[in-house]
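The numbers here are math on the coordinates, done by the rules we state, and not lab data. Please read all numbers here as calculations on a predicted model, not as lab measurements. Note that we place each Cβ from the backbone using ideal geometry, even for glycine, and neighbour counts take in every protein chain shown.
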Amino acid sequence: MHSKFTPDRFSRCWIRIDRDSLMSNIVQVAQSASIIDLGLPMLRQLWPYIEEDILRAGINGLASTDTETLISADESFERILKPGSSQSDKGYARAGIVPVMSSVSECLSLSNLAQSLDQRLPFLIHVRSSESDSPSGDWNLESICEKVPSLPMIDLAGFYLRFTPAARLIGYFRRLLHNSEAIARKIICPLASESEKIEGITCYSLWENLAIAVGATTCFPVEIGCWAYPVRTGSDFQIFQADIGRLHGLPEKFPVLIGNQKAEIERIADDFCEFIIRSPLAGPFPEKALLTGGSALSAVEMSEWKPEALQNLLLHLSDCPIYLQQNSRIIEIMP
């Protein structure tokens, strides 16, 4: 990251991404996970700029709740419309995107759509839990699998899981797929925390590509910064205020640098926070406050961040400017 970088003064915070570090992470993760989850708004905005690199990295699928992102992606990707998406836009069906169905009623709606289009549609079933003894009903895995063969024009292609299954469950899932006359027997799940490749399943990655709590061999590629304004100065301290607070995902404790000095958290409110430094700065102001990132000689200590707090902050920062940096070239990514 280069110190000469000057983000938009009219934005309370920003995200700067080092392209080479991000792609290095993705190349490494692609050895275990062939699908990338675009659950982060930041990754969806970056997608058009990194799509070709993603293909070269060995990723052959992407999952998202955003239909437009999936439709615009290269058709050589396996494209999965995740649970929680708005499926009122039926354009995904014509585009060859595979939806994830969570209930018998959703499968029935998909069957009706397939008949109206006169087109067979593949789909995945959403497996919410590793417990197989939940009550039968519209959302029960075994109930869905039992009814799927009788629904016309739709083809079960496998299961989409929100957890990494124990090895003993793989055989159970395969039996269900066999009994449901599935056209494919895909089992798609998150990458295991120990990054081990589990035989017979396909993994997807999200946070692993940002190197959050996955080991020292990868580098967190994101600088998160905000503008800090001096509000009080003493002989041996200076207090700065920034327009970002709890409502923007800030935790109660995190590391920060202001003017290459380590700052302490003085106060965190809903929509602002205050920091104190022990050696007053001369200006010009406002000053950049870095929550992650920094130079090689003065960088935020990432070990002071709790992974869950950092993830929460990134999920909240969906409306700030994003800058993609490759060497000395910086591109501002428009929302």
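Remarks
- Global form of the range 271-330, assessed from the alpha-carbon gyration tensor, a/c cut-off 1.5: rounded
- Think of the range 20-208 as having a plus end and a minus end, set by charges on the Cβ of Lys, Arg, Asp and Glu; of Ile187, Ile80, Val29, Ile187 sits farthest toward the positive end of this dipole.
- Cα gyration tensor category, rounded, prolate or oblate, for the range 20-208 with a/c compared to 1.5: oblate
- Dipole magnitude of the chain, debye to nearest 20 (Cβ charges: Lys/Arg +1, Asp/Glu -1, about Cα centre): 200 debye
- For the range 20-208, size of Cβ-based charge dipole, Lys and Arg +1, Asp and Glu -1, in debye: 400 debye
- Distance from the Cα centroid of the range 33-76 to that of the range 106-131 is 22 Å (rounded to whole angstrom).
- Convex hull volume of the range 1-127 per residue (C-alpha atoms, cubic angstrom): 135 Å³
- Using the Cα coordinates of the range 217-333, the gyration tensor eigenvalues translate into equivalent-ellipsoid semi-axes of 23, 17, 14 Å, sorted from longest to shortest.
- Pairs from the table (Lys4/Lys253; Lys253/Lys288; Lys90/Lys186; Lys82/Lys306) lying more than 22 angstrom apart at Cα are Lys4/Lys253; Lys90/Lys186; Lys82/Lys306.
- Selected from Ser150, Leu70, Ser116, residue furthest toward positive end of dipole (the range 20-208; charges at beta carbon): Ser150
- When its C-alpha radius of gyration is set against 2.2 N^0.38 Å (N residues), the chain gives a value of 1.16.
- Look at the alpha carbon pairs under 8 Å that are at least 6 residues apart: their mean separation over the length of the chain gives a relative contact order of 20 percent.
- Across the range 20-208, C-alpha contacts under 8 Å between residues 6 or more apart give a mean separation that, scaled by the residue count, equals a relative contact order of 20 percent.
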